[in-house]
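The values are calculated or read from the model by the stated rules, or taken from the named source; none is laboratory data. Note that the structure is predicted; figures quoted are calculated from it, not measured. Reconstructed Cβ throughout: ideal geometry from the backbone, glycine too, with neighbour counts over all protein chains shown.
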């Protein structure tokens, strides 16, 4: 694979950095406009943008082309950690709160009425796009083709990020969503998707993708497995914490007879 | 769910999760008796193991949040909860020992040794945990007036 290290090229990297800057500036402008938006969300957004950018441009992205373990670092950053940071910074809510009222209403009505978005918001859709996409990437020749075609490379990375974001967004329901699902529904899909991620990392361990050596496949798969565990635990803690908060709010509304000891 | 039941479910879920994590940390990482994957692992084994680990992580965290919720809404009886943890942990270990190790053959406890004593110790310990847990839970009913 070493002869293809030059991909994807400077033009691509500059574009990525420009998109990253645009995302940062847009969020910052909205943050300034909103009077009570917490600063930690701005920092989370910034960290998310930074992780996504270093996954695609710069030294880490460059080395990830010939090194399967580093490729997995990129995979964890771009497909799991950056999406989580983006979801935690609630960008959609920020947009809706800083747009002029009429425009915000139009936008939220458009999102709530869009059939397409409703289908995307089914938790299983996010899980299948996310984990299913990874199965396609690593279990077919796609991984190898990705390194010789810039178009495929861009599409794959765009998909990994967007599917990761959609999945995290729908499972956690922390930001504005077009539809709400019960905790148990989302938790079940989360457990199944995490299982899929673990199963896939073992399959990569057993049969690495074309063009990846056995040793590289093993260390990459181990990183995917145990690194994935860390982010999985974060997702599980967040979804359970929300369940807990929701229950506390219920007690606050009707304190009798639950608080009588 | 009654507080009485919430004690038991919270404990059982946390117990299951605790066992999964202990298994990962002690047997996989520290002792390295069994690994992430070895060539004899069947695809059923890989799928079952993925589902179990993933559910275990969730159970450990959700069990603790259920317990935190219990503390907020009423009160807790620690002994009853700990008994339920033993019940969950023992139940999972027995399941692991019989279904995963023997029926599905996902992996063995250890390789390159006579496995029988390991299997017996594993499952007896699981049974002991279940019995101890059941006795404690039975003896520590929970109602808020008590």
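Points worth noting:
- The number of residues in segment B:80-119 that are within 14 Å of chain A (Cβ to nearest Cβ) and under 15 Å from the mean Cα position of the chain (by Cα) comes to 0.
- Qualifying residue in segment A:193-208 (condition: more than 11 Å from every other protein chain (Cβ to nearest Cβ) and either at positive phi or in contact with a helix residue (DSSP H, G or I) (Cβ under 8 Å, 6 or more places away or on another chain) (or both)): yes
- If you filter segment A:36-61 down to residues that are more than 12 Å from residue A:89 (Cβ to Cβ) and without any contact (Cβ under 8 Å) to a residue 12 or more places away in the chain, you find that the one that is surrounded by the most Cβ atoms within 10 Å (Cβ to Cβ) is A:59.
- Residue A:222 vs. criteria touching a residue at least 12 places away in the same chain (Cβ under 8 Å) and at the interface with chain B (Cβ under 10 Å from one of its Cβ atoms): yes
- Selection status of residue A:61, out of contact with any helix residue (DSSP H, G or I) (no Cβ under 8 Å at 6 or more places or on another chain) and either assigned to a helix (DSSP H, G or I) or closer than 18 Å to residue A:130 by Cβ (or both): no
- Filtered residues of segment A:182-192 (kept if touching a residue at least 60 places away in the same chain (Cβ under 8 Å) and more than 8 Å from chain B (Cβ to nearest Cβ)): A:183, A:185, A:186, A:189
- Residue within segment B:6-22 that is within 14 Å of chain A (Cβ to nearest Cβ), touching a helix residue (DSSP H, G or I) at 6+ places or on another chain (Cβ under 8 Å) and not in a helix (DSSP H, G or I) present: no
- Looking only at segment A:99-113, residues that are without any contact (Cβ under 8 Å) to a residue 60 or more places away in the chain, under 16 Å from residue A:175 (Cβ atoms) and part of a helix (DSSP H, G or I) come to 2 in all.
- Test: residue A:155 is surrounded by 17 or more Cβ atoms within 10 Å (Cβ to Cβ), over 20 Å from residue A:205 (Cα atoms) and either touching a strand residue (DSSP E or B) at 6+ places or on another chain (Cβ under 6 Å) or free of Cβ contacts under 8 Å to residues at least 40 places away in the same chain (or both): no
- Test: residue in segment A:234-250 that is more than 11 Å from chain B (Cβ to nearest Cβ) and either in contact with a helix residue (DSSP H, G or I) (Cβ under 9 Å, 6 or more places away or on another chain) or exposed (fewer than 13 other Cβ atoms within 10 Å of the Cβ) (or both): yes
- Among the candidates B:53, B:42, residue that is out of contact with any helix residue (DSSP H, G or I) (no Cβ under 8 Å at 6 or more places or on another chain), within 14 Å of chain A (Cβ to nearest Cβ) and either farther than 20 Å from residue B:143 by Cα or at pLDDT 95 or above (or both): B:42
- Of all the listed residues (B:71, B:77), the sole one being within 14 Å of chain A (Cβ to nearest Cβ), over 30 Å from residue A:225 (Cα atoms), free of Cβ contacts under 8 Å to residues at least 24 places away in the same chain and surrounded by fewer than 21 Cβ atoms within 10 Å (Cβ to Cβ) is B:71.
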